[in-house]
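Contents: one structure, followed by commentary.
The values are calculated or read from the model by the stated rules, or taken from the named source; none is laboratory data. Here the structure is a predicted model, which means the values were calculated and not measured. No Cβ is skipped: glycine too gets one built from the backbone with ideal geometry, and neighbour counts run over all protein chains shown. Ligands, DNA and RNA are excluded from the accessible area calculation, which covers all protein heavy atoms including side chains. Shrake-Rupley method; radii C 1.70, N 1.55, O 1.52, S 1.80 Å.
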Amino acid sequence: MGHVDRHSESNPEQHLPASKEALQSEATWLEKRVHALEKENRWHLISLDKLSAVSAIHGDSTKQKDPINILKSVLESIADATELDSLGLMIADRETGEFELQVCEPPEQYSVLVSEIDASIRQAEFAWALNYHLPHIFTSTQPEYKTVLSVFATPSQIYGMLVASLPASKRLTEAMKKLISVILFNGAHAYENTVLYQKVEQQRQTLFKKVEQSNKELAYHTTHDLHTGLLNTKAFLQHIRNTLSIDTSQQGIIVYIDIEGFNRINGAYSFQTGHKLLKLIADRLRDLFDGDALKNTIDYHPEFTATARITGDEFAFFISGEFNRSDAITLMKSCLATLTKPYSAAIASEKLDIDFSLGSCLITDNTVSVRTLLHRAEMAMYQAKHDGRNNTALYSANTRDVRGHNSLLFEKELKTAYLSKQFCLFYQAKVSLETDQITGAEALLRWAHPTRGILPPGEFIDAIETSGLVKEVGAWVFREACKQVRKWQQANQPIVPIAINLSPSQIEPSLPARFLDILRKEQVSARHFELELTESSMTRDAENAVDVLNQLHEIGFVIAVDDFGTGYSSLLLLKQFPIDKLKIDRSFVRDILTNSDDKAIVEAILAMSQSLKLSVVAEGIEEIAQYNFLKTLKCHEAQGYYISKPCPEPEFQALLLSWNGVTKNIG
């Protein structure tokens with residue numbers, strides 16, 4: 001049987017050219033097929049288009065100022081890609097967790113969607129939908145519709161829900177569900193980005209405002225005295241330089257003011273009274289230039305006036321104008337008359353009559369430095385002080401600096417006072433915050449001056465240091481305290497520990513032996529005494545101080561750190577030195593009721609002391625609220641003017657015998 005060719009057996013008509021009708025029929029069929037494929041894949045093309053649009057939304061999210069616009073764009077994309085009739089997006093409130101309808105499309109369907117939501121909540125469908133990642137279909141209150149719910153969430157805990165109505169005759173394919181989920185996922189993250197961006201931007205703006213405000217405050221603090229609001233010395237001098245640089249022929253006057261006996265006011269009343277007085281003096285100086293009295297007296301340029309607090313109790317002011325010596329004297333007398341008027345009883349138990357000393361320097365040319373001009377005004381002030389209280393003086397070429405001369409005379413007076421036994425001790429009580437009972441006293445040095453009365457240490461302690469009397473006076477203070485304890489012992493009267501302040505100059509190797517010798521001669525025990533030192537006293541020669549304090553501690557003295565927290569070595573002290581007690585500085589106690597930083601510092605000191613088993617004394621208690629607040633913080637002891645002012649021994653002994661608790665003795 002031979003080979004047969006396949007082509008030879010084929011239909012010969014197949015090789016004939018197709019007719020025109022056949023070609024047209026085939027073309028029509030192909031066109032219909034193309035239309036069918038386009039219809040079949042139209043939704044897929046729309047899906048791709050919407051996904052592209054959603055990606056654009058996500059990319060531009062940080063440019064949107066209102067996150068609601070993101071939600072609107074999401075709804076538009078879902079509406080275009082599906083056959084849902086009405087749609088809404090709900091967002092959960094972060095605090096309450098309750099969902100609230102934010103946007104809906106079309107807007108007029110808002111009430112309808114709210115009704116659907118309420119129905120879904122009642123039927124627990126809403127909660128059920130939270131368990132699904134894809135859109136889920138539920139029954140609707142409208143027979144011709146079905147309800148579609150789809151939850152979405154973001155990492156930053158933004159939760160939302162799509163609520164939509166689907167015609168009952170339509171179906172939601174799995175592909176559509178996935179597309180809706182993808183759109184919601186991208187839209188939710190875009191919404192999240194916008195919300196977070198808004199918050200970051202708000203925080204940035206808030207931080208910017210805080211930084212701006214802090215910069216303003218810092219600028220103010222660097223140029224002003226915080227207590228009085230007046231310029232500080234540096235800013236005051238710069239103001240004068242700026243004024244004089246405007247016109248090289250500019251003239252003026254600087255007046256330097258000193259408050260007489262300011263330390264005695266603090267000692268007799270309280271530091272709080274002293275602070276109030278400083279503010280009132282600053283106010284009077286402002287009023288001096290704000291009113292018309294001075295303008296009617298001399299001719300000056302008010303726009304260039306400046307007032308400053310130079311030191312604790314010294315002020316100065318500058319005014320611009322052409323003045324002669326007569327003008328300067330008139331100006332100082334006018335200022336003195338304003339300042340010496342009695343000060344209100346609101347700052348103390350009675351009206352205060354305060355004395356001042358004023359000195360001034362005329363500015364007649366720009367060849368002398370501003371600092372030198374201020375110094376000249378200060379020299380004139382000391383000349384006025386030397387001539388007697390409530391005096392004024394104008395600088396001249398013959399003005400001499402009497403401070404050095406006065407200093408020598410003062411030191412001579414101190415030596416006379418020591419030899420003639422003009423020094424005495426006052427005692428200020430310390431009270432237990434747990435029992436309200438007196439648990440100790442601080443011995444405070446006073447000078448019974450023959451003409452000036454009782455002087456507090458602030459007026460002479462520096463001179464004692466420079467005069468070389470500090471060791472002798474320090475030993476005298478301790479000896480007098482020992483005699484007082486022995487006196488109490490012999491009279492069978494209550495004995496409380498007495499705190500003695502040590503000067504840095506006393507911390508030397510011979511101190512333990514010197515104090516031990518005094519204890520033996522007076523026949524008293526070291527356990528009746530506390531030795532108080534400031535942080536600077538300990539750290540000036542730390543190696544020597546550690547050795548000296550260890551010896552004193554072994555003898556039996558209690559070692560206390562005075563003004564704790566004001567130095568830079570507070571924690572180091574607790575590690576190196578034999579510390580038993582901490583005295584919180586009054587600067588932290590003064591504003592503890594209103595200043596959160598002071599409160600936090602005190603709480604930290606108390607927590608640390610508890611861990612280290614140290615006792616804590618709060619200094620500067622001036623009101624019952626401070627006392628009670630420190631009691632709630634579990635502070636151990638309190639000291640201050642509210643409890644007792646420093647007083648002579650007989651008054652302190654009477655207080656000790658009659659004491660019956662803080663509220664009963666004071667309140």
Quiz item: Just how much of F152 is accessible, in Å², when a 1.4 Å probe is used and the result is rounded to the nearest 10?
Solution: 20 Å²
Quiz prompt | Acute angle (nearest 10 degrees) that the helix 174-223 long axis makes with the longest principal axis of the chain, alpha-carbon atoms | solution = 20 degrees
Self-check item: Candidate lysines - alpha carbon under 20 Å from K170, same-chain residues fewer than 8 apart omitted
Solution: K39, K146, K178
Quiz item: On full extension of the chain, what length is gained from K234 through T416, given 0.36 nm per residue of separation minus the C-alpha to C-alpha distance?
Solution: 61.6 nm
Quiz prompt | Carbon/sulfur fraction of accessible area - the chain, other protein chains in place, 1.4 Å, % | solution = 51 percent
Quiz item: How far is helix 110-122 tilted, in degrees, relative to the longest principal axis of the Cα atoms in the chain, given as a value from 0 to 90 rounded to the nearest 10?
Solution: 80 degrees
Quiz item: For A491 and T435, FRET efficiency with R0 = 30 Å and r from the beta-carbon atoms, rounded to 0.05?
Solution: 0.80
Quiz prompt | Set of region 634-658 residues, backbone N closer than 17 Å to the point 7 Å along the Cα-Cβ line of H227 | solution = 641
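So which of K341/K415; K209/K234; K581/K645 end up more than 32 Å apart, counting from Cα to Cα? Walk me through the intermediate numbers first.
Details: K341/K415 36 Å; K209/K234 28 Å; K581/K645 22 Å.
Among K341/K415; K209/K234; K581/K645, the Cα-Cα distance tops 32 Å for K341/K415.
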Quiz item: Want the number for S658 to I329: 0.36 nm per residue separation, take away the alpha-carbon distance, what's left?
Solution: 112.9 nm
Quiz item: If you compute P(r) over Cα pairs in 20 Å bins from 0, in percent for the structure shown, which of (1) 19, 53, 26, 2, 0; (2) 13, 28, 20, 18, 13, 4, 3, 1, 0; (3) 14, 38, 37, 10, 0 do you land on?
Solution: (2)
Quiz item: Could you give the accessible area per residue of the chain, probe 1.4 Å, as a whole number in Å²?
Solution: 52 Å²
Quiz prompt | Helix-only mean residue ellipticity at 222 nm for the chain, each DSSP H run of n ≥ 4 adding -39500 (n - 2.57), per residue, nearest 500 | solution = -16000 deg cm²/dmol
Quiz item: What are the lysines whose alpha-carbon lies under 16 Å from the alpha-carbon of K483, with same-chain residues fewer than 8 places away excluded?
Solution: K421, K521
Quiz prompt | Accessible-area ranking of W476, W128, W488, largest first, probe 1.4 Å | solution = W128, W476, W488
Quiz item: Between region 602-652 and region 121-140, what is the C-alpha centre distance in whole Å?
Solution: 65 Å
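Taking the Cβ of P167 as the center, what net charge do the other residues with Cβ under 9 Å away carry, scoring Lys and Arg +1 and Asp and Glu -1? Let's see the in-between values first.
Numbers: positive: K146, K170; negative: E83, D85, E144.
Surrounding charge for P167 is -1.
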Quiz item: Taking only Cα atoms, what is the 0 to 90° angle, nearest 10, from helix 402-419's long axis to the longest principal axis of the chain?
Solution: 70 degrees
Practice problem: Compute the length gained on full extension between E83 and R284: take 0.36 nm times their separation in residues and subtract their Cα-Cα distance, giving the result in nm to one decimal. | Solution: 64.2 nm
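What number comes out for the charge environment of P512, summing +1 per Lys or Arg and -1 per Asp or Glu over other residues with Cβ under 12 Å away? Let's see the in-between values first.
Numbers: positive: R514; negative: E508, D517, D547, E554.
That sum, taken over residues with Cβ under 12 Å, equals -3.
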Quiz item: For the pair S111 and A448, how long in nm is the line joining their label points, each one 7 Å along Cα→Cβ?
Solution: 9.6 nm
Self-check item: Cut-off 14 Å between beta-carbons: net charge of the residues surrounding S150, Lys and Arg +1, Asp and Glu -1
Solution: 0
Quiz item: Once the whole set of protein chains is in place, how much accessible area is left on T311, using a 1.4 Å probe, in Å² to the nearest 10?
Solution: 60 Å²
Quiz item: Among 543-549, 270-276, how do they line up from the highest to the lowest mean number of other beta-carbon atoms within 10 Å?
Solution: 270-276, 543-549
Exercise. Quick one: order S165, S396 from most to least accessible surface, probe 1.4 Å.
Key: S396, S165
Quiz item: About the Cα centre of the chain, what is the dipole size in debye to 20, counting +1 per Lys and Arg Cβ and -1 per Asp and Glu Cβ, all else neutral?
Solution: 2180 debye
Quiz item: For region 434-591, what is the relative contact order in percent, using Cα pairs closer than 8 Å and at least 6 residues apart in sequence?
Solution: 19 percent
Self-check item: Sequence of E637, E434, E350 from largest to smallest accessible area, 1.4 Å probe
Solution: E434, E350, E637
